[in-house]
Amino acid sequence: MAELSQICISRILNVMEQAGKKSVSDKALYGKVKGRKITLNDYKRAVSWLLEKGDIAETKQGYILCKAHGMFAGEVARINKTFGFVRRQDGVEIFIPGKFLLGAMPGDTVICRLIPGRGESPEGEVVSIAKEGFSEFTGIVEKDGNRMCVRPDSFCRDLIEITGRDIEVKEGDKVLAVITKRGERHADHRCRVNALFGSSDRAYSSALAVLYMNDIETEFPLAVQDEARHISGMKITDRDIYSRLDLRDEIIFTIDGADTKDIDDAISVERNGDGYKLGVHIADVSHYVKTGSELDKDAFLRGTSIYYADKVIPMLPKELSNGICSLNPNEDRLAFSCLMEMDGEGKITKYKFSKTVIRSRVKGVYSEVNKILAHKDDLSALDEDIARKYEGLTDTIFLMQELAEILTANKLKRGAPQIDTPECKLTINENNVCTDVARRERGAAELIIEEFMLSANECAAKTARESNIPFVYRVHEDPAPEKVTELIEVTDRLNIPHPHFSSVKPVHLAEILNSVKDTDLSPVINNMVLRSMAKAKYSDEPLGHFGLVLKDYAHFTSPIRRYPDLAIHRILTDLCYEKASPAVIAKKYGKFANAASAQSSECELTAMRVERECEDCYIAEYMSSHVGEEFEGMICGITDYGMYVELPNTIEGLVKMETLPDGVYEFDGHFSVTRDGKTVFSVGQRVKVRCVKTDVSGGNIDFIIVSE
């Protein structure tokens, strides 16, 4: 603020402090503040600044000093259908009941005061809106009499009338709208439709809306596209290969899903006396994506590729991710390899990182490799096409399984909890409609790749920690004590045996999981153990990994689709290939490692949320063609408003309390629903349900209990 404005601000605050809790009219305030050097424009600018900052608020009676009334400024962080949260300047979030939001929208700066709450969390009400944010939202077009309105997806239950018709819309359209006029309630707002996604009954349209509202760019900037096209035309030259370890004659190949196009990891295994030599060969993306390039800057902002249904929004353009950086079979490719030696018990005795050139023998597919492993004792029974494709590689595949089983056993010996988190596989037809949902099965081939990648990731983190250089670690901290206490209370109520401890260790959680293995409670306890644990994230500090029971862990193996991997490739290149000193690396990458860790953690959370919300839309679309049908399922969770039932194919739906058969039902606050004092429904119980309603736009499915 200019010097004169600062003088004006000081005078305004002095007048307001003298007024105490009394309001001061605009006319009276200006009369006390104005002077020879302070004009009306100076006054107006100062008042606007103080209002936006939240030092004063405007009421019908005039201006008041916020702190004198126990008021505070904050930003509306998010709004639900019936409530919202305001984030104070100290970072604390205040719960705001919907009726006290005053029509506020996400991004608004508001003045609030605390009110008596119903729980331990602070509650408040919005007194005034100091500064309006840009109020874009998605929703579904509905007709209300003669009015065309939008029912928002993410806030309030009210219809918001459309004013102006820049875009023709009809009932059921999924749209992007913006608030054009504010009222004192959400229902009093008015909006304009800015974009049309398509029918709200189509998952494809609803997913587009999810992407937009999460700022996910589906196209690359022109400068990024230009760089990608230039790199895609590059050939691997003798100069690229010079000083690299040439592994093109080694038995190296990839194993991925059948539809995978961005192949960034290959493996090799051979016997080494009584032990093994394991090679994990990763696409050398950092050779092509240079620090500070347009590709690099865009990849940093994206943080990760996003996968949902049959779609992918890649971190890098397909010219790289599916082309020069993809370890396609029978093509020379530049790689960054972790070459490990292990003894007969799977312990790493020696390892190094080398820049290499490789030539993958075959594009292995999980399902095909699983068939080879299943026919280990009789390869003559193997499908001829698979036998021909993997000719000369089967012995290596059997050796890979042998080593992977040893590594898995070691993980179990460390006490790593084996949390089963079932994933679904969606089948999408040529019209972008979901036609099937099935549980994704994991076989021996998937476990081979998982164990080998874990070994390389551990070596990468260990190298950085022991060299004391800046790095991007993958960390998983100890569970919060209150979460562990809650988990133990759960096991006690369900009569599940558990170890006694003062400080939780991974093995304790492993024992709890083992105690319910192969029982109806297994999926329920899996979810509860998972919720009790901290979320994994990225950090520039080597904090270790609780879930894997590893002191050292990082993400090294997927630089095509994860920025942290690309980041540490650069750092390890300087250390292991360029032979830079730790001091030089610290100066070069200190701030970068911190920024990359924070950005990558945030992008990962966004990607996970987007993937989940988009897939929920597709699952609801699939169930739309099964309304009226009955299914066997299991109660996986209970709340005061209903019970969640999971079907064998992972689909989850809600049985609302009001739809239960005649009677008075009560939720015990934990895992059971009682009627007349007797438990009639509980977590883990198998029930028959009928699908009665789907909401594709919101990704919701409603079930009702079918009486036996």
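The values are calculated or read from the model by the stated rules, or taken from the named source; none is laboratory data. Note that this is a predicted model, so its numbers are computed, not measured. Positions of Cβ are backbone-derived with ideal geometry, glycine not excepted, and every protein chain shown enters the neighbour counts.
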Check: Just for the range 460-512: of the residues that are among the aromatic types (Phe, Trp, Tyr) and part of a loop (DSSP other than H, G, I, E, B), which one is surrounded by the most Cβ atoms within 10 Å (Cβ to Cβ)?
Finding: PHE471
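If the requirement is being under 21 Å from ARG244 (Cα atoms), surrounded by fewer than 21 Cβ atoms within 10 Å (Cβ to Cβ) and modelled with pLDDT of 95 or more, which of these qualifies: GLU341, GLU345, GLU294? Lay out the reasoning, then the answer.
On the way: GLU345 fails: under 21 Å from ARG244 (Cα atoms); GLU294 fails: under 21 Å from ARG244 (Cα atoms).
Result of the check over GLU341, GLU345, GLU294: GLU341.
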Notebook entry, point to check: Name the residues in the range 515-542 that are surrounded by 16 or more Cβ atoms within 10 Å (Cβ to Cβ), at pLDDT 95 or above and not small (Gly, Ala, Ser), would you?
Noted result: LYS537, TYR538, ASP540, PRO542
Check: Of the residues that sit in the range 567-587 and are touching a Phe, Trp or Tyr at 6+ places or on another chain (Cβ under 9 Å) and of a type in the set (A, V, I, L, M, F, W, C), which one is nearest to LYS352 (Cα to Cα)?
Finding: CYS576
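To keep it simple, each residue is scored yes or no on (1) in contact (Cβ under 8 Å) with a residue 24 or more places away in the chain; (2) assigned to a loop (DSSP other than H, G, I, E, B).
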{"site": "LEU566", "(1), (2)": "yes, no"}
{"site": "LEU575", "(1), (2)": "yes, no"}
{"site": "LYS579", "(1), (2)": "no, yes"}
{"site": "ILE585", "(1), (2)": "yes, no"}
{"site": "GLU602", "(1), (2)": "yes, no"}
{"site": "ARG612", "(1), (2)": "no, no"}
{"site": "ILE619", "(1), (2)": "yes, no"}
{"site": "VAL627", "(1), (2)": "yes, yes"}
Margin query: Which residue is farthest from CYS603 (Cα to Cα), if the candidates are limited to the range 486-539 and must be of a type in the set (Ser, Thr, Tyr) and under 26 Å from the mean Cα position of the chain (by Cα)?
Written below: SER522
Check: Can you pull out the helices (runs of 4 or more DSSP H) entirely within the range 196-264 that have at least 3 residues that are surrounded by 14 or more Cβ atoms within 10 Å (Cβ to Cβ)?
Finding: 203-213, 222-232
Checklist line | Qualifying residue in the range 664-677 (condition: in contact (Cβ under 8 Å) with a residue 60 or more places away in the chain and buried (at least 17 other Cβ atoms within 10 Å of the Cβ)) | finding: yes
Notebook entry, point to check: Failed condition for ALA445, given (1) under 30 Å from PHE592 (Cβ atoms); (2) in contact (Cβ under 8 Å) with a residue 40 or more places away in the chain, with all others met?
Noted result: (1)
Margin query: I need the full set of residues from the range 275-314 which are closer than 24 Å to CYS424 by Cα and among the acidic types (Asp, Glu), in order please.
Written below: ASP310
Check: Which of the following residues is out of contact with any Cys (no Cβ under 9 Å at 6 or more places or on another chain) and more than 24 Å from LEU278 (Cα to Cα): LEU403, LEU382, LEU399, LEU412?
Finding: LEU382
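Restricting attention to the range 548-567, and to residues there that are β-branched (Val, Ile, Thr) and in contact with a Cys (Cβ under 9 Å, 6 or more places away or on another chain), which single residue is nearest to MET533 (Cα to Cα)? Steps first, please.
First pass over the range 548-567, keeping only residues β-branched (Val, Ile, Thr): 549, 557, 560.
Filter again for in contact with a Cys (Cβ under 9 Å, 6 or more places away or on another chain), leaving 557, 560.
Working: THR557: 24, ILE560: 28 Å.
My answer is THR557.
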